[in-house]
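A.B. asks: Pasting in a structure now, in structure tokens, and then I'll have a few things to ask.
Rule-based calculations on the coordinates, nothing more; no lab input. What you see is a predicted model, and the numbers here were worked out from it, not measured in a lab. Cβ placement follows ideal geometry from the backbone for every residue including glycine, while neighbour counts extend to all protein chains displayed.
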Amino acid sequence: ALRKGSDLEKAFATAALVYNNYADPEGKLSKAETKSLLQSQFWHVIQGQENKPKYQEMISFLDEESENKIDFEDFMILLVSLTLMSDLLQEIKNVKTTK
């Protein structure tokens, strides 16, 4: 069914599939797993963000020792937040695709 989906539907489906591949049987990620997923799967977005206070705040949250796990909704909010603050977003805005 996703083969016939729009580009945006496919993008969200891909994000969900990647999340599910990392998630535990309850469908959640530890903070350490979330950080690992971001570093391996979202590198081009977070690259160069290390010195930005908001990025440091988000990573500090993931570095905290806590039993709290991250669900898919929180993960997607994290992805969107990181994308909005990234330099890559400006590059994306400059690219137009032809349909």
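A.B. asks: Under the definition of Cα pairs under 8 Å and six or more residues apart, what whole-number percent is the relative contact order of region 2-98?
C.D. replies: It rounds to 32 percent for region 2-98.
A.B. asks: Further question: Can you compute the FRET efficiency between N20 and Q56 using 1/(1 + (r/R0)^6), with r the Cβ-Cβ distance and R0 = 35 Å? Round to the nearest 0.05.
C.D. replies: 0.80
A.B. asks: Considering the chain as a Gaussian network with a 10 Å cut-off on Cα pairs, which listed residue, E67, E33, E57, attains the greatest mean-square fluctuation?
C.D. replies: E67
A.B. asks: Suppose every K and R has +1 on its Cβ and every D and E has -1 on its Cβ; what is the size of the dipole of the chain about the Cα centre, in Debye to the nearest 20?
C.D. replies: For the chain, the charge dipole is close to 720 debye.
A.B. asks: Where q = 0.11, 0.12, 0.13, 0.25 Å⁻¹, what log10 of I(q)/I(0) comes from the Debye formula for the chain, counting one point per Cα?
C.D. replies: Values, matching the q order: -0.37, -0.44, -0.52, -1.44.
A.B. asks: Shifting gears a bit: Using a Gaussian network for the chain with springs between C-alpha atoms less than 10 Å apart, which of these wobbles most: S40, S81, S30?
C.D. replies: Greatest mean-square fluctuation among the candidates belongs to S40.
A.B. asks: Moving on to the next point. Take each of the peptides 43-54, 3-14, average the number of other beta-carbon atoms within 10 Å over its residues, and list them starting from the highest.
C.D. replies: For the peptides 43-54, 3-14, the packing ranking is 43-54, 3-14.
A.B. asks: Applying 1/(1 + (r/R0)^6) with R0 = 30 Å to the Cβ-Cβ distance of I77 and K10, what FRET efficiency is obtained, to the nearest 0.05?
C.D. replies: With R0 = 30 Å, the Cβ-Cβ based efficiency is 0.90.
A.B. asks: Among G27, L8, F75, which residue has its Cα positioned farthest towards the positive end of the charge dipole of the chain, with +1 placed on the Cβ of Lys and Arg, -1 on the Cβ of Asp and Glu, and the dipole taken about the Cα centre?
C.D. replies: The listed residue farthest towards the positive side: L8.
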